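Below is one structure, written out as structure tokens; the observations come after it.
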Amino acid sequence: YSLYNFTGDPKLEHAEWASRIDMMNSWFTDMRRKNRFLYERQSQNGSKVLTKVKDPDTGEIREMLNFASNDYLNMTQNPEIWGRIQRESVKYGSGGAGGVPLLSGSMDIIEKLQIKIAEMKGMQSSIVYSSGYGANYGTISALIGKKDIAIYDMFAHASLIDGSRGSNKKFFQHNSPESLEKVLKSVQNDYINKLVILDGVYSMDGDIARLPEILDVAHFYGAWVLVDEAHATGVIGENGKGTLSHFNLEGKVDIVTGTLSKAVGSVGGYVTGSEKLINYLKYTSRSYMFSTSPFIPSVIASLQALELITDNKAPIDALWKNIHYVKKRLQDAGFDIGNAETAIFPIIIGDDVLVKEMTYRLHEKNIFVNPVPYPAVPRKLTRVRLSITAGFTKEQLKYTMDTIVEIGKELKIIS
Ligand code: PMP
């Protein structure tokens with residue numbers, strides 16, 4: 001069912017597990033035999049959108065258009081960010097924080113980043129983790145006790161689902177407030193705290209959460225709400241502030257989490273909320289308490305990127321111009337792109353053989369995309385996934401779209 005939670009559901013029957021593992025194994029064996037997917041990325045080559053990869057067959061280094069990166073605003077290649085890392089990181093030596101945040105690991109630059117994140121998200125306070133995975137996992141596992149329940153959108157990210165391993169949990173249909181209401185009704189009197197958990201923008205489908213309706217239902221039933229802003233930050237909302245800003249709901253969500261590894265172009269994760277909540281997490285969230293503070297150059301990079309994102313609309317405007325072009329071309333050609341409305345585009349094919357074949361052929365044309373087979377998604381929803389970044393030129397996108405349409409016709413995915 002869920003895109004990601006096949007990795008974590010302890011209720012799965014043994015046979016189901018075995019068949020899923022077989023499936024994954026056959027995918028990877030097939031890839032290895034054909035040796036066609038295992039490109040090793042060599043560098044970004046100083047370009048925003050090109051990546052150098054080593055051809056697994058010939059060993060030759062090839063340059064491809066990179067549609068497999070979540071660096072939506074191309075911040076990884078931004079000279080203002082490198083400049084600031086060079087200027088400021090000398091103060092911090094090798095960049096290792098030397099300890100966990102509560103002991104020797106906290107530093108002024110980390111504090112600055114936390115203030116910036118809380119301000120951007122319209123929240124009182126925030127803490128940063130070394131990864132988005134750790135932020136989600138550590139927050140949910142600290143909050144969901146024996147008498148509480150986590151209630152997930154069924155497409156929520158694995159890091160969110162893993163946070164309630166061994167705890168009470170239920171799922172609602174993807175992006176359906178009606179289904180959420182049914183679940184909340186069914187558990188109304190059974191738990192002390194109910195936490196509704198969703199992504200702001202979904203990582204495999206690129207659709208935006210129906211946050212206003214979901215919030216109404218959750219609040220009616222007295223549930224808390226957590227939104228993961230991994231793919232929304234830097235993409236939607238005023239100056240890329242994310243889903244809450246997109247819907248004018250700043251201050252209405254209890255917990256906002258996210259990663260610094262996508263549009264922010266760095267690495268690390270964060271949680272924002274009330275001062276009370278953040279204080280609670282500081283002393284209970286184990287992936288925060290027992291893990292060394294983030295690498296300092298990445299903290300500097302995150303801070304500079306967030307300043308660039310919130311102060312400057314040009315990269316976000318460029319991203320949206322590209323998103324509109326790609327969406328129109330894919331829709332006009334007749335591809336099924338689900339409800340994609342942000343920088344992520346699934347080309348839903350529903351046939352593993354065709355998904356692989358389309359991916360191979362795109363790689364041959366130097367277009368780097370990721371296939372998403374079963375069981376990562378249900379069989380009828382297997383897809384090729386593209387993510388769009390701001391730095392693509394019109395010509396590069398036109399070449400890519402023309403090629404996708406041509407291959408789509410050859411493989412009879414479209415007519
Ligand atoms: N949430 C979502 C929705 C994600 O897509 C990801 C990244 N794969 C994460 C959380 C985890 O972030 P990180 O890669 O920083 O651990």
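Pairs meeting the criteria (first residue in the range 78-98 and on the phi < 0 side of the Ramachandran plot, second residue of a type in the set (S, T, N, Q) and assigned to a loop (DSSP other than H, G, I, E, B), beta carbons under 7 Å, at least 6 apart or on different chains) are 97/292; 97/293. Those helices (runs of 4 or more DSSP H) of the range 226-344 in which at least 1 residues are under 30 Å from residue 410 (Cβ atoms) and more than 16 Å from the ligand (Cβ to nearest atom), considering only elements entirely within it, cover 314-333. Does any residue of the range 151-168 turn out to be in a loop (DSSP other than H, G, I, E, B), away from the ligand (no atom under 16 Å from the Cβ) and surrounded by fewer than 14 Cβ atoms within 10 Å (Cβ to Cβ)? Yes, the range 151-168 contains a residue that is in a loop (DSSP other than H, G, I, E, B), away from the ligand (no atom under 16 Å from the Cβ) and surrounded by fewer than 14 Cβ atoms within 10 Å (Cβ to Cβ).
Could you grab me the full set of residues in the range 93-112 that are within 28 Å of the chain's Cα centre (by Cα), of a type in the set (Gly, Ala, Ser) and not in a helix (DSSP H, G or I)? Selection gives 95, 96, 97, 99, 106. Screening residue 203 against (1) under 16 Å from the mean Cα position of the chain (by Cα); (2) at pLDDT 95 or above leaves a single unmet condition, (2). Please go through the range 113-141 and give me each residue that is closer than 16 Å to residue 276 by Cα, in a helix (DSSP H, G or I) and either away from the ligand (no atom under 15 Å from the Cβ) or in contact with a Phe, Trp or Tyr (Cβ under 6 Å, 6 or more places away or on another chain) (or both), ordered by number. Across the range 113-141, the qualifying residues are 114, 115, 118. Checking 267, 227, 235 one by one, the residue that is out of contact with any Phe, Trp or Tyr (no Cβ under 6 Å at 6 or more places or on another chain), crowded, with 22+ Cβ neighbours inside 10 Å and not assigned by TED's automatic domain parsing to the domain that holds residue 337 is 227 and no other. Suppose the filter is in contact with a strand residue (DSSP E or B) (Cβ under 8 Å, 6 or more places away or on another chain), in a strand (DSSP E or B) and either more than 26 Å from residue 382 (Cα to Cα) or within 16 Å of the ligand (Cβ to nearest atom) (or both); does residue 195 pass it? Yes: the conditions hold for residue 195. Among the residues here, residue 377 qualifies as touching a residue at least 60 places away in the same chain (Cβ under 8 Å), assigned to a loop (DSSP other than H, G, I, E, B) and crowded, with 19+ Cβ neighbours inside 10 Å.
The values are calculated or read from the model by the stated rules, or taken from the named source; none is laboratory data. Bear in mind that the values here come from a model prediction, so they are computed numbers and not experimental data. Here Cβ is always computed from backbone atoms with ideal geometry, including for glycine, and neighbour counts include all displayed protein chains.
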